[in-house]
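Reading through the structure tokens given below for one structure.
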Amino acid sequence: MKKVVSEISGTVFSLPWLIAKDHGLFEAEGIDMEFVRARPSGVVTHTEDPSEVNPILGHVAFEEARVSIYRA
Amino acid sequence: MVRPDSPHNYPGTLGNRPIAVQFHAGSHYVALRLLEGYLPNEKIKLVHYGSPQQRFEAMWNGEVDACVVMEPWIALGEKLGCKAVCEGHYLGAENASDDMDEATFAAINRAVAKAVDMLNADKRKYLHYLIDDPRQAAALAQYGGLTPEDFHLPRLRYSYTTPYTDEIVEDTYHWMVRWGLLNGAACATDLVDNRLPEAEATSADD
């Protein structure tokens, strides 16, 4: 089995992935899929300036190479 | 989306009114794409509020005039009597690291495609994932909760993973540069490498 770690952010965006895991579809393809949750936003500074917000958002695990795939 | 008692019934009255989004995410981009059809750019007042729950509650509590959210927050808002003043869809993206090999990526996509078929065959059957998500279940319950019957199913659109076309990349790139969301010194071909899909297309043609 090939180990893959995927980030899950908004559930609506990852719905097929959740179904695939729970119904053994990844396993049938030889993939040992592990999910990690995207980091919540936490305390948010309200701003009208996009440049004040880090565009990485909650995808820190991908940036740190702790997951190999995510969707947005 | 606006509160049930909001005077706003279409996007054209939202000029200079605060609208909650998450910058650099879908809610930010789809808000600009929708509102620029109704308002001069300088009157579009988006405010970064973070997660969908934070955006929804900012709208519900009256901190902002409107919020941009996705499911299950649209279903919740509509159940509470909120008004959708405009609605848009956008493409998602699968982002894989450089070290993911082609065979693994293909295997993942085959599994996800089967799940897409299952989902499209009976969407309501799988809505419990949205309702029971532990990150938002308590918040949804606080507002009265949701059942699968509360969702408008045609809004949920799932399709197979396909490469972005060069045309979509170019059009999106120019739109983002126009809004100052990308450095205009870069070019689309610097940002996207479509050699693999092109090679597959060539192989298929052969």
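Quick notes on this structure:
- The single residue among B:Asp150, B:Asp133, B:Asp122, B:Asp101 that is out of contact with any strand residue (DSSP E or B) (no Cβ under 8 Å at 6 or more places or on another chain), among the acidic types (Asp, Glu) and under 12 Å from A:Ile19 (Cβ atoms) turns out to be B:Asp122.
- You will find that of B:Val68, B:Val64, B:Val47, the residue that is within 18 Å of B:Leu91 (Cβ to Cβ) and among the aliphatic types (A, V, I, L, M) is B:Val68 and no other.
- Among residues of the range B:153-170 that are closer than 21 Å to B:Lys123 by Cα, those with a Cβ under 8 angstrom from a residue that is part of a loop (DSSP other than H, G, I, E, B), sequence gap 6+ or separate chain, pair up as B:Arg155/B:Glu71; B:Arg155/B:Glu87; B:Leu156/B:Glu71; B:Arg157/B:His89.
Each row is one residue, and each column tells you yes or no for (1) at pLDDT 95 or above; (2) over 24 Å from B:Asp132 (Cβ atoms); (3) loosely packed, with under 12 Cβ neighbours inside 10 Å.
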site	(1), (2), (3)
A:Pro16	yes, no, no
A:Lys21	yes, no, no
A:Gly24	yes, no, yes
A:Ile31	yes, yes, no
A:Asp49	no, yes, yes
A:Gly58	no, no, no
A:Ala61	no, no, no
A:Val67	no, no, no
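- A:Ser9 being of a type in the set (S, T, N, Q), modelled with pLDDT under 90 and under 26 Å from B:Ala115 (Cα atoms): yes
- Checked against (1) facing another protein chain (nearest Cβ under 10 Å); (2) acidic (Asp, Glu); (3) in a loop (DSSP other than H, G, I, E, B), B:Glu87 passes all but condition (1).
- Evaluation of B:Gly77 against (1) at negative phi; (2) in contact (Cβ under 8 Å) with a residue 12 or more places away in the chain; (3) within 10 Å of chain A (Cβ to nearest Cβ); (4) buried (at least 18 other Cβ atoms within 10 Å of the Cβ) (one fails), failing number: (3)
Condition check ((1) part of a strand (DSSP E or B); (2) in contact with a Phe, Trp or Tyr (Cβ under 7 Å, 6 or more places away or on another chain)) across all residues:
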position: B:Gly12; (1), (2): no, yes
position: B:Asn16; (1), (2): no, no
position: B:Tyr29; (1), (2): no, yes
position: B:Tyr38; (1), (2): no, no
position: B:Glu42; (1), (2): no, no
position: B:Val47; (1), (2): yes, no
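- B:Asn16 vs. criteria within 12 Å of chain A (Cβ to nearest Cβ), over 25 Å from A:Glu7 (Cα atoms) and modelled with pLDDT of 95 or more: yes
- Restricted to the range B:39-58, and to residues there that are over 15 Å from the mean Cα position of the chain (by Cα) and closer than 21 Å to B:Glu78 by Cβ, the residue that is least open to solvent (accessible area, probe 1.4 Å) is B:Ala58.
- Residue within the range B:5-18 that is under 27 Å from A:Ile8 (Cα atoms) and either of a type in the set (Asp, Glu) or open to solvent by less than 60 Å² (accessible area, probe 1.4 Å) (or both) present: no
- Unique match (being under 22 Å from the mean Cα position of the chain (by Cα), in a strand (DSSP E or B) and among the polar types (S, T, N, Q)) among B:Asn95, B:Asn120, B:Asn109: B:Asn95
- Looking across the range A:1-34 at every residue that is more than 12 Å from the chain's Cα centre (by Cα) and acidic (Asp, Glu), the one that is nearest to the other protein chains (Cβ to nearest Cβ) is identified as A:Glu29.
- Any hit, the range B:101-108, residues being within 8 Å of another protein chain (Cβ to nearest Cβ) and under 30 Å from B:His8 (Cβ atoms): no
The values are calculated or read from the model by the stated rules, or taken from the named source; none is laboratory data. Quick caveat: nothing in here was measured; it's all calculated off a predicted structure. Ideal geometry is used to build each Cβ from the backbone, glycine not excepted, and the neighbour counts take in all protein chains shown. Only protein heavy atoms, including side chains, enter the accessible area calculation; ligands, DNA and RNA are left aside. Shrake-Rupley method; radii C 1.70, N 1.55, O 1.52, S 1.80 Å.
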